[in-house]
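The values are calculated or read from the model by the stated rules, or taken from the named source; none is laboratory data. Bear in mind that the values here come from a model prediction, so they are computed numbers and not experimental data. Cβ placement follows ideal geometry from the backbone for every residue including glycine, while neighbour counts extend to all protein chains displayed. Just the protein is used for accessible areas: all its heavy atoms, side chains included, with ligands, DNA and RNA removed. Shrake-Rupley method; radii C 1.70, N 1.55, O 1.52, S 1.80 Å.
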Amino acid sequence: MQEEIIKKYFDAANAIVISEMYLNNFTNDITLDDLKKYNPGHLGTSMSINFILANLYYFLNRNKLNSQVVIGTGHAGVSLMANLWLNGTLTKYYPQYERNKNGLNKLINDFGTKIRSEINPEYPETIYDGGELGYSLGVAYGYALNGNTDLVPCIIGDGEAETGTITSSWQLAKLLNTKSKVLPIINLNGLKMGSSSYLSKMSREELNNYFTALGYQPLFVSAEDNPIKDMQEALAKTLTLSHPLIVFSSPKGYTITDYENDISVHKNPLTKITDIDKLRIIRNMLASYDLDIFDEDNKLLPIFDSFEVTSPKRNLADIKTVEPKASLDEYVYKDLLTNNGMIFSPDEIYSNQFHRSGELAFELLNENVLQALYQGYTMAGGYGYYIAYEGFMPIISSMLTQYYKYLKQKDLFKTSETNHSLNYLLTSTCWENTYSHQNPDIANTLLEKEDTYYNVIYPKDQISASKWLASITKEKDKINILTFAKRHQKNHSNMTDSVKDIEIIKDHLNPEIILCATGDYMLDIIMDVAEDLSKDDINVKVIYIAKPQILNPGNSDALTETEFTTYFNKDTPSVYLYCGYPSTIKALLYDRNVDTKVLGYTDGLSVFGSFNNNALSNKISKEDILDICTGKLKQTKTLKRRKEINE
């Protein structure tokens, strides 16, 4: 009976996948008029995913286990959507897709037009946007660190398993003590877009030895044997094992007789055939499945209630206020203790001057795996920091972009819970490191975007850094990047000052030149230049911009044009010293009417790695800035003289 129920669900999921991709409605009597013009989704992996989910959902329901499923195969959206409808999850969030024939036909019509075919937050209770492969297992382990759930199954495609991040994430079983159990399930179907996967080239003995060496207790299920019985037995065994892992072997295009193990089935094998042939093939596909899923009133049969699953419930704790401290290390330590948080750091947490906070850090020399862990940990309600060298963070820039898109979609669809923000402290900058460690590009990943889901901040000093953290970490669903130098000594603020996006450090009613800085060392130079110019009786105005995104008129936090002109006086030349690439600020100022020379890091080759040497190499020493200011002032006087003559 158990096998019959699961087989019926499996057949239904397969038929719905085919209908989502190729048809306008769910029927076993299709005609040419029923064919979709556009075919969304990837067919090849979907049937194997359906088999895994059918068995997994039944097992979880029968054993009353709550779980958070992670699916690494991002293109398996057509499969996941079919399963979410069948097990009742979809209807909880989208009542229009009710569990009857009418609701299913609405889903089939909307899939690929209103609903994207890649897994994303539009799919209810999804914590992982799998469009970019490789992060699923790390996210699953991160969620399990402190997640309130019995099991975190993670379905990993064998093509996905070739990524460097998955390859490293296997090691997490040896390194982490998780509150919840992670269950990796490898969907081993042999083929990627254009070639075989390397796992498919390994024998069962080799796979067993490989995953045993990685610290797992592998269980094998094959579509060639008695797969439903074997999968249920394997799932039952996982409850007694410390680090279980299931390898499910099936042909690509499993159950699609005409296309099993055909490389064309990866996406849509019916792209280059006539509608008549397409109709014939789809009829053959559907003929192999049990399509009897509705009662006489066209309601979904009660048998499918056996696959309803319980997702973990959590109450997101508000961040308790911790008073800022002069020592950033002391502040972070107290903040994490107070709010039960932790640090993720790729290396050298102590080198980054976090001696006390380092006690609360998980260190791993793999930025990508840490990002996946941090994301999963945050999805489970966790709070913490990612502390790293600025120079190596561009390694995860694509992952940050994916998470940014995740936040944007989540805000739109309202199907996922609110989470704490991701907080990044970059404390070893390009200005105080050797040439190989210099790369300020990570800020551009966010600053080039106009939306509201991030803060990029450059505190003036450690005092303002702790004040900024006390302010922004209370925000939910944001990406916060704070960049400041670990060896910077000067204090430009005190404990009574409040932090500001932009502020006037030195004002003048009639400035002859405006000096602007973003970055702690940059402010040091600008203040020295201002002092020298003032000695020559030149009227100087000094501005500090901690949050450069406000310069972009398209950003939600942007200065209005009126506000902008209170800082950058009309017809007054300015010199802007930025601690990253000058092109970043030039882009932000593109739509502003301002006469400014932007200077910053230009990949100047330095030998010693000291700040003075790096400043000279990038032509931003005090002498360099004074020369530029002198040129600006001469140019302005010449223009004024010409204007007076013309008048």
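So which trypsin sites (Lys or Arg not before Pro) in the range 524-582 end up in coil per DSSP with only 15 or fewer other C-beta atoms within 10 Å? All intermediate terms of the calculation are to be shown ahead of the outcome.
Values: sites: K535, K541, K570; in loops: K570.
Answer in residue order: K570.
For the range 310-412, which trypsin sites (Lys or Arg not before Pro) are both in a DSSP coil and crowded by at most 11 other Cβ atoms within 10 Å? Present the calculation step by step, with values, prior to reporting the outcome.
Numbers: sites: K313, R314, K320, K325, K334, R356, K405, K408, K410; in loops: K313, R314, K320, K325, R356.
When the trypsin sites (Lys or Arg not before Pro) of the range 310-412 are filtered for loop state and at most 11 Cβ neighbours within 10 Å, K313, K320 remain.
By per-residue mean of other Cβ atoms within 10 Å, what is the highest-first order of 158-169, 274-285? Let's see the in-between values first.
On the way: 158-169: 20.9, 274-285: 14.1.
The peptides rank, most packed first, as 158-169, 274-285.
Only helical DSSP H runs with n ≥ 4 go in: add -39500 (n - 2.57) per run for the chain, normalise by residue count and round the 222 nm mean residue ellipticity to 500 deg cm²/dmol. Intermediate values should be presented prior to the final figure.
Numbers: 21 runs with 239 residues, N = 647.
The helix-only estimate for the chain comes to -11500 deg cm²/dmol at 222 nm.
Please give the helix 2-22 orientation as an angle from the longest Cα principal axis of the chain, in degrees from 0 to 90, rounded to the nearest 10.
60 degrees
So what J values fall out for the range 213-220 if you push phi through Karplus, 6.51 cos²θ - 1.76 cosθ + 1.60 with θ = phi - 60°, rounded to Hz, Gly and Pro as x?
For the range 213-220, the Karplus curve yields 5, 7, x, 9, 10, x, 10, 10 Hz.
Assigning unit charges at the beta carbon (Lys, Arg +1; Asp, Glu -1) and nothing else, what dipole magnitude in debye, to the nearest 20, does the range 133-211 show about its Cα centre?
Working: 6 positive and 6 negative charges, 29 e Å.
Dipole about the Cα centre, nearest 20: 140 debye.
Quick one: with all protein chains in place, what share of the accessible area of the chain is carbon or sulfur, to the nearest percent (1.4 Å probe)? Don't skip to the end; give the middle numbers.
Details: 12250 of 25770 Å².
Carbon and sulfur atoms account for 48 percent of the accessible area of the chain.
Among the listed pairs K179/K478; K114/K410; K486/K541; K36/K414; K490/K535, which are separated by more than 24 Å between their Cα atoms? Display every interim value, and only then the final one.
Details: K179/K478 26 Å; K114/K410 15 Å; K486/K541 28 Å; K36/K414 29 Å; K490/K535 22 Å.
Over 24 Å Cα-Cα: K179/K478; K486/K541; K36/K414.
Enumerate the whole-percent occupancy of each 20 Å bin, from 0 to the last occupied one, for all C-alpha pair distances of the chain.
Bins of 20 Å from zero give 18, 42, 27, 11, 1 percent of pairs.
Specify the angular offset, from 0 to 90 degrees and rounded to the nearest 10, of the alpha carbon long axis of helix 275-287 from the longest principal axis of the alpha carbons in the chain.
It is inclined by approximately 70 degrees.
Given the whole protein assembly as supplied and a 1.4 Å probe, what does the accessible area of V607 come to in Å², nearest 10?
Roughly 120 Å² of V607 is accessible to a 1.4 Å probe.
If we count every other residue with Cβ under 15 angstrom of Q217's Cβ, Lys/Arg +1 and Asp/Glu -1, where does the sum land?
Values: positive: K174, K181, R204, K237; negative: E233.
Around Q217, the charge tally is +3.
Could you give the accessible area per residue of the range 479-618, probe 1.4 Å, as a whole number in Å²?
Values: 6110 Å² over 140 residues.
Accessible area per residue: 44 Å².
About the Cα centre, and with charges only on the beta carbon of Lys, Arg (+1) and Asp, Glu (-1), how big is the dipole of the chain? Nearest 20 debye, please. Intermediate values should be presented prior to the final figure.
Numbers: 64 positive and 81 negative charges, 119 e Å.
Roughly 580 debye for the chain.
Counting other Cβ atoms within 10 Å of each Cβ, which chymotrypsin sites (Phe, Trp or Tyr not before Pro) in the range 316-359 have at most 16 and sit in a DSSP loop?
On the way: sites: Y331, Y333, F344, Y350, F354; in loops: Y350, F354.
Those that pass, being in a loop and sparsely packed, are Y350.
Compute the acute angle (0 to 90°) between the alpha-carbon long axis of helix 77-86 and the principal axis of greatest extent of the alpha-carbon atoms of the chain; round to the nearest 10°.
Between the helix axis and the principal axis of the chain, the angle is about 60 degrees.
Quote the relative contact order of the range 284-443 in percent (integer), defining contacts as alpha-carbon pairs under 8 Å separated by 6+ residues.
On the way: 184 pairs, mean separation 31.8, N = 160.
Reported as a whole number, the value is 20 percent.
Search the structure for amide H atoms under 5 Å from the amide H of F220, placed 1.01 Å from N in the peptide plane, and list their residues when 5 or more places away or on another chain.
Residues meeting the amide H criterion: V247.
Amide H to amide H under 5 Å from N455: which residues, 5+ apart in sequence or cross-chain, H placed 1.01 Å off N in plane?
Close amide H contacts, sequence-distant or interchain: I479, N480, I481.
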